[in-house]
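Shown next, in structure tokens, is the structure this report addresses.
The values are calculated or read from the model by the stated rules, or taken from the named source; none is laboratory data. Keep in mind that what you see is a predicted model, and the values were worked out from it rather than measured. As a convention, Cβ positions derive from the backbone with ideal geometry for all residues, glycine included, and neighbour counts pool all protein chains shown. The protein model used for the area step is the full one, side chains on, heavy atoms only, and it has no ligands, DNA or RNA in it. Shrake-Rupley method; radii C 1.70, N 1.55, O 1.52, S 1.80 Å.
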Amino acid sequence: MSDIEFGKALVQADTAIPGLVIFDLPVHGDSRGWFKENWQREKMTALGLPDFGPVQNNVSFNDAIGTTRGIHAEPWDKWVSVATGRIFGAWVDLREGPTFGAVFTAELDPSKAIFVPRGVGNSYQTLEADTAYTYLVNDHWSPDASYSFLNLADETAAIEWPIPLADAEVSAKDLAHPRLADVSPIAPRRTLVIGAGGQLGTALREEFDGTANIEWTTRAEFDLGGGDLADARRWREYDTIINAAAYTAVDRAETPEGRRDAWAINAAGPAALARIAAENGITLVHVSSDYVFDGSADRAYLEDDAICPLGVYGQSKAAGDIAVATAPLHYIVRTSWVIGAGNNFVRTMAALAAKGVDPSVVDDQRGRLTFASQIAALIRHLLVTRPTPGVYNLSSSGDSVTWADIARRVYELSGHDSSRVTGVSTEQYFASASGPIAPRPRNSELDLTRVLEIGFVPRSGDDLLQEYLGS
């Protein structure tokens with residue numbers, strides 16, 4: 001038995017390679033042998049180890065001193081620990097980025113373990129006979145996955161092997177791998193954007209323009225309401241899902257056909273994404289609506305207020321919110337009165353003003369506009385700063401107003417007489433409607449305190465409206 005240090009405290013230490021973390025493990029031993037907790041999720045994640053969700057436990061046994069297995073970088077994370085014996089480990093960062101080629105070496109016995117993040121090449125040389133080491137991994141091997149390999153004898157890495165490779169047991173394959181200059185780096189995990197063809201999707205494309213490793217999908221490429229999504233992608237290759245898709249035909253949602261579509265896209269689809277995110281360590285970003293509230297509050301709605309939707313659209317959105325919140329890494333951006341690319345209330349009012357129409361507009365619903373560009377900017381902020389998962393309200397800043405107030409301001413900014421807009425009640429506005437009409441919340445104002453606390457400052461609604469009409 002190797003000279004194991006018993007009774008260490010569980011301690012982690014960072015290395016020169018980002019995400020590569022080495023641990024001292026408590027080993028309890030006496031004359032009979034020893035025992036250790038090889039993997040203890042609660043204690044280790046409390047110290048900062050990613051909760052990486054292992055799915056497979058492998059064991060490598062090596063009967064001879066000097067057995068050297070060569071530098072492989074896989075598209076999954078590993079937790080490596082020695083069961084018996086002693087190894088020298090060498091790790092080389094083979095990920096895209098500024099630390100590509102960085103090297104870290106250490107000796108491991110049963111009292112040490114290391115977390116190897118996806119894309120970091122790892123190699124082990126046994127220093128004792130009959131050495132076995134175990135590794136937990138959070139994905140299954142696949143011939144379709146992307147791997148990178150580095151030659152064990154690469155001069156750039158300059159690894160000082162305790163047993164020279166000429167005297168070690170090494171496979172010819174590991175000595176034939178490319179040098180560092182010829183290695184294909186492993187790309188970061190990808191971001192999947194669902195609903196990239198809509199008004200929020202358009203804003204996201206502008207916000208993330210030039211960002212690598214983003215996959216943009218419309219309904220043709222990824223149908224959120226189209227059934228089983230678990231096999232739609234190799235999900236371990238994704239870091240983030242941004243769900244910008246939604247069924248927003250509020251009145252049509254009250255019809256049998258619309259009801260089915262609303263629940264499929266707004267509820268069942270996000271529930272499937274939440275399961276996928278939870279199982280694969282993915283951050284799920286989802287966009288919610290003021291329609292999850294009934295609008296009866298006499299103040300701005302907080303993120304933690306009880307949801308109590310009135311109509312089918314709001315009910316389906318509320319169900320989606322509840323499902324998304326089950327994913328450990330989730331951000332729900334709750335919005336109101338969204339304005340973006342394409343047809344919307346602001347563009348309609350500007351067009352009516354230009355045509356000389358004097359419209360009647362609802363004046364008993366209050367809230368604030370939320371511009372799609374601001375939603376996209378907040379999503380970027382959340383993904384960069386990574387605050388506590390949860391719900392974050394977003395609208396433009398400023399006073400709560402009615403739809404009639406906004407229409408008058410659009411007329412004014414367009415160079416027309418704002419008095420041409422007549423305010424009417426919701427009941428008066430829909431009195432002549434022939435189809436089903438969904439109930440609307442009378443108060444859609446969202447409290448913005450939480451989003452301010454994470455360092456995102458929503459812009460003035462009037463400033464954004466002026467920019468929007470000038471574009």
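Some observations on this one:
- Selected residue (criterion: most open to solvent (accessible area, probe 1.4 Å)) from residues of the range 446-471 that are under 16 Å from Thr370 (Cβ atoms), in contact with a Ser or Thr (Cβ under 9 Å, 6 or more places away or on another chain) and in a loop (DSSP other than H, G, I, E, B): Val457
- Residue in the range 72-87 that is free of Cβ contacts under 8 Å to residues at least 24 places away in the same chain, part of a loop (DSSP other than H, G, I, E, B) and under 30 Å from Ala277 (Cβ atoms) present: no
- Every condition in (1) assigned to a loop (DSSP other than H, G, I, E, B); (2) at pLDDT 95 or above; (3) over 27 Å from the mean Cα position of the chain (by Cα) is met by Glu303 except one, and the failing one is (3).
- Search result, residues across the range 345-368 that are within 34 Å of the chain's Cα centre (by Cα) and either surrounded by 20 or more Cβ atoms within 10 Å (Cβ to Cβ) or not aromatic (Phe, Trp, Tyr) (or both): Val346, Arg347, Gln365, Arg366, Gly367, Arg368
- Among (1) open to solvent by less than 30 Å² (accessible area, probe 1.4 Å); (2) modelled with pLDDT of 95 or more, the one test that Asp139 misses: (2)
- Qualifying positions in the range 216-244 - open to solvent by less than 40 Å² (accessible area, probe 1.4 Å) and either within 15 Å of the chain's Cα centre (by Cα) or on the phi > 0 side of the Ramachandran plot (or both): Trp235, Arg236, Glu237, Tyr238, Thr240, Ile241, Ile242, Asn243, Ala244
- Among (1) open to solvent by 80 Å² or more (accessible area, probe 1.4 Å); (2) farther than 29 Å from Phe104 by Cα; (3) hydroxyl-bearing (Ser, Thr, Tyr) - the single one Thr156 does not satisfy: (2)
- Qualifying residue in the range 191-199 (condition: open to solvent by 30 Å² or more (accessible area, probe 1.4 Å) and among the aliphatic types (A, V, I, L, M)): no
- Odd one out for Leu175, checked against (1) at pLDDT 95 or above; (2) surrounded by fewer than 18 Cβ atoms within 10 Å (Cβ to Cβ); (3) within 26 Å of Pro75 (Cβ to Cβ): (1)
- Looking across the range 380-418, the residues that are aliphatic (A, V, I, L, M), in contact (Cβ under 8 Å) with a residue 12 or more places away in the chain and assigned to a helix (DSSP H, G or I) come down to Leu382, Leu383, Ala404, Ile406, Ala407, Val410, Leu413.
- Residue satisfying all of: in the range 419-445; of a type in the set (D, E, K, R) and in a loop (DSSP other than H, G, I, E, B); most open to solvent (accessible area, probe 1.4 Å) among these: Arg442
- Being small (Gly, Ala, Ser), over 24 Å from the mean Cα position of the chain (by Cα) and under 17 Å from Gly198 (Cβ atoms) is a property that Gly342 has.
- Lys43 over 16 Å from Val137 (Cβ atoms), in a loop (DSSP other than H, G, I, E, B) and of a type in the set (D, E, K, R): no
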